[in-house]
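Read through the structure below, which is laid out as structure tokens, and then see the notes.
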Amino acid sequence: MSLAADPAVLRKESPSTGSPSTATRRVVSGRIDAAQYTELEGFARSGGEVLIALEPNDSCGAELAGAAVAHDLPRTEWFVTLADRAEAVRLDGEVPVTSALRTLSPATSVGATVAATTSVRFEHSPTITVRSLGEGRVVASGIADLEALMAHGTLGRFVDRLLRGLDTVDTRVLGVGVVGYGPFGGMGYLHGLAATETDGLALVAAADNAPERIEAARADFPELTSHASGASLAADDDVDIAIIATPPKFHAELALELLRAGKHVVVEKPMCLTVADADLLIATAKANDRIISVHQSRRWDRDYLAVKRLMDRGDLGEVFNIETFVGGFEHPCRAWHSEEAISGGAAYDWGSHHIDWIIQLYGDRPAKVLCTTHTRVWKDTTNVDQLSLWMQWANGREATFRQSDVCAIRRPKFHIEGTTGTLEGHYRPMVTETVEPGRGFVDHVSHHAEAPVDLRLARFEGGYGIIESTIPPAPHPGWGFHKNLADHLLLGEPLAVRPEQSRDVVAVLEAGHRSGANGGELIELG
């Protein structure tokens, strides 16, 4: 019998779940004896949460859960159907999971109820049950692989809610306002579309100091209220969440104003330009009992999710080197993205995503940062032509992010080395070709970084050699960031992009920018 006091290790792939206090939850696998039953029952009755993977012929486990194993079935892919209850709100109703399966027989006389079923030969049988015991809850899982259960994007969250006891649902719809709506098809439209398609959110307002962009907002979303400034939107009582989509230079000032006005705040990446501003934003959010988060949308990119899955499963062994790249050889953007005084510098653009990826994959921020830069070709912008930002961790692991406007042969998007294998993914052209009447052949080239890449995994096996496989991108996760935002504010689920994580990204970006400006100075992060 295993008692895992901290089940965080069982949920490392689920961006929307977090680690409960070790004092309030126990995760149990294997049979339990009478002494362990007594300890767990007392723990639950005093308010604890117990998750148990039931074993066949385990009388103590069955008594604790109020359910026994009916049938022991082999490992394969099973489809789990969630019961119609509060904990299933905004979750997919039926999802697949790969595990050995035990169907359960709940004892309704002791208050055990069916929370999920599985179709076995066209008959739905109980798979997850929940029982209130004193002040706490016991959830019994017929999905034997608890790691697969809690890492599952839907089932992990569902079980977490069952253990926490989500008896009622906050049915409010939170009003979203975008500050800096932007041009047609820009970030304002993205956030408006996401809010419109996410239960619990609704776009209600947009602010922009350019009249033509306000007109674009009204055309996109006719029912929203328009504002000419962030200050005006801050006074709008219909706005619960303000999303800042302005250039980075203005992020901190606007976020402070909106937090002090009582709004929850989401900032486009990067959070801000300095650690000092990040600390002030975090402190201000806490002082006003509001949340602040950063739209790190690319944590839900399908190829990144595939990379994270492989690393979490240990397919690469211990990863010690991560390299990422974005760019090509073309004239850089002639808008504010290429102006250092507004953007913060080249590192703050794509680097905001790539550094966040790297920190998430390694689990913490680096100890040392060094950045080299080149300005060789493009003289009409103030951002550098190319940068190489190298990072090292205290245990010797390293990572490099490269961004370039002068690299005619693109480097791999991902190159990741571990003790048992190497993973690589290459960009591919995005060209849409059509034949139009009167025009003939027409092709449209989209930005290369928008398409998820296939991954090539090469593993070494002793006595055999290198074995290669191709890993496709993960299934599309939908509006992952916005769904988590709604679930955090309405259901109390952990915030996927915590402000402290974004502070770590800013710390690396700020150090990298300073290192590049000083000729590649090595900077140690405190």
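FYI, it's all coordinate maths here, none of it is from the lab. Computed from a prediction, not measured in an experiment: that's the story for all the values here. Note: ideal-geometry Cβ built from the backbone for every residue, glycine included; neighbour counts use all protein chains shown.
Sequence gap at least 6, Cα distance under 8 Å: using those rules, report the relative contact order of the chain to the nearest whole percent. Could you put the intermediate results ahead of the total?
Working: 1166 pairs, mean separation 62.5, N = 526.
Here the relative contact order equals 12 percent.
Do you know the relative contact order of the range 299-524, to the nearest whole percent, from alpha carbon pairs under 8 angstrom that are 6+ apart? Mind showing how you got there, number by number?
Numbers: 413 pairs, mean separation 61.1, N = 226.
RCO, the range 299-524: 27 percent.
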3J(HN,Hα) from dihedral phi, the range 369-386, Karplus parametrisation 6.51/-1.76/1.60, rounded to Hz, x for glycine, proline
9, 9, 10, 10, 9, 9, 10, 10, 10, 8, 9, 9, 10, 9, 6, 6, 6, 8
What are the ³J(HN,Hα) couplings of the range 90-95, residue after residue, when phi is run through the Karplus curve with 6.51, -1.76, 1.60 and θ = phi - 60°? Round to Hz, x for glycine and proline.
6, 10, 4, x, 9, 9
Place +1 on the Cβ of every Lys and Arg and -1 on the Cβ of every Asp and Glu in the range 2-164, take the dipole about the Cα centre, and give the residue among Leu40, Ser105, Gly156 whose Cα lies farthest towards its positive end.
Gly156
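What do you get for GluC sites (Glu not before Pro) in the range 294-348 restricted to DSSP loop and a cutoff of at most 15 other Cβ within 10 Å of the site's Cβ?
Glu318, Glu330
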Please state, to two decimals, what the Cα-based radius of gyration of the range 2-164 comes to when divided by 2.2 N^0.38 Å (N = residues).
0.93
Give me, ordered by chain and number, the residues 5 or more places off Phe184 or on other chains with an amide H under 5 Å from its own placed amide H.
none
Can you pick out the pairs among Lys269/Lys483; Lys308/Lys379; Lys286/Lys483; Lys263/Lys308; Lys269/Lys413 whose Cα atoms lie more than 28 Å from each other?
Lys308/Lys379; Lys263/Lys308
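Can you compute the charge dipole magnitude of the range 41-200 about its Cα centre, using +1 on each Lys and Arg Cβ and -1 on each Asp and Glu Cβ, nothing else charged? Give it in debye, rounded to the nearest 20.
Values: 12 positive and 20 negative charges, 45 e Å.
So the dipole magnitude of the range 41-200 works out to roughly 220 debye.
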Can you tell me the dipole magnitude for the chain around its Cα centre, using point charges on the Cβ only (Lys, Arg +1; Asp, Glu -1), in Debye to the nearest 20?
480
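Treat the count of other C-beta atoms within 10 Å as a stand-in for reagent exposure and order Ile282, Ile244 from fewest to most. It would help to have the intermediate numbers written out before the result.
Working: Ile282 17, Ile244 28.
Listing Ile282, Ile244 from fewest to most nearby Cβ atoms yields Ile282, Ile244.
Once Rh is set to the Kirkwood radius over Cα pairs, what Stokes-Einstein translational diffusion coefficient, in µm²/s, holds for the range 72-162 at a temperature of 25 °C and a viscosity of 0.890 mPa s? Please report the intermediate quantities before stating the final value.
Values: Rh = 13.1 Å.
This corresponds to a translational diffusion coefficient of 187 µm²/s.
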Could you put Arg313, Arg298, Arg213 in order, starting from the residue whose Cβ has the fewest other Cβ atoms within 10 Å?
Arg313, Arg298, Arg213
State which helices in the chain qualify, where a helix is a whole DSSP H run, it must extend 20 Å or more along its own axis by its Cα atoms, and its mean Kyte-Doolittle hydropathy must be at least -1.0.
499-517
Listed by chain and number, the residues whose amide H is under 5 Å from that of Val384, excluding neighbours fewer than 5 places away on the same chain and using placed H, are Ala346
Based on the Cα atoms of the range 244-379, what semi-axes does the equivalent ellipsoid have, where each is the square root of 5 times one gyration tensor eigenvalue, given in whole Å with the largest first?
27, 23, 13
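Take the alpha carbon gyration tensor of the range 299-524, find the square roots of its eigenvalues, order them as a ≥ b ≥ c, and report rounded if a/c is under 1.5; if not, report prolate when a/b exceeds b/c, else oblate.
Working: a/c = 1.26, a/b = 1.07, b/c = 1.19.
Note, shape of the range 299-524 comes out rounded.
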How long is the range 88-131 along each principal axis, judged by its Cα atoms, biggest number first, in Å?
30, 27, 18
When you take every Cα atom in the chain, what is the radius of gyration, and what is Dmax, the widest Cα pair distance, in Å?
25.3, 83
Using a 10 angstrom Cβ neighbour count of at most 12 plus a DSSP loop assignment to flag exposed chymotrypsin sites (Phe, Trp or Tyr not before Pro), which longest range of the chain is free of such sites?
123-463
Determine Rg/Rh for the range 133-283; Rg is computed over alpha-carbon atoms and Rh is the Kirkwood hydrodynamic estimate from the same atoms.
1.11
Dipole check, the chain, charges on Cβ (K,R +1; D,E -1), about Cα centroid: among Leu316, Val369, Ala341 the Cα furthest to the positive pole belongs to Leu316
For Leu91, distant residues with modelled amide H under 5 Å away
none
Counting other C-beta atoms within 10 Å, which of Met311, Met187, Met430, Met271 has the fewest, and how do the rest follow?
Met430, Met187, Met311, Met271
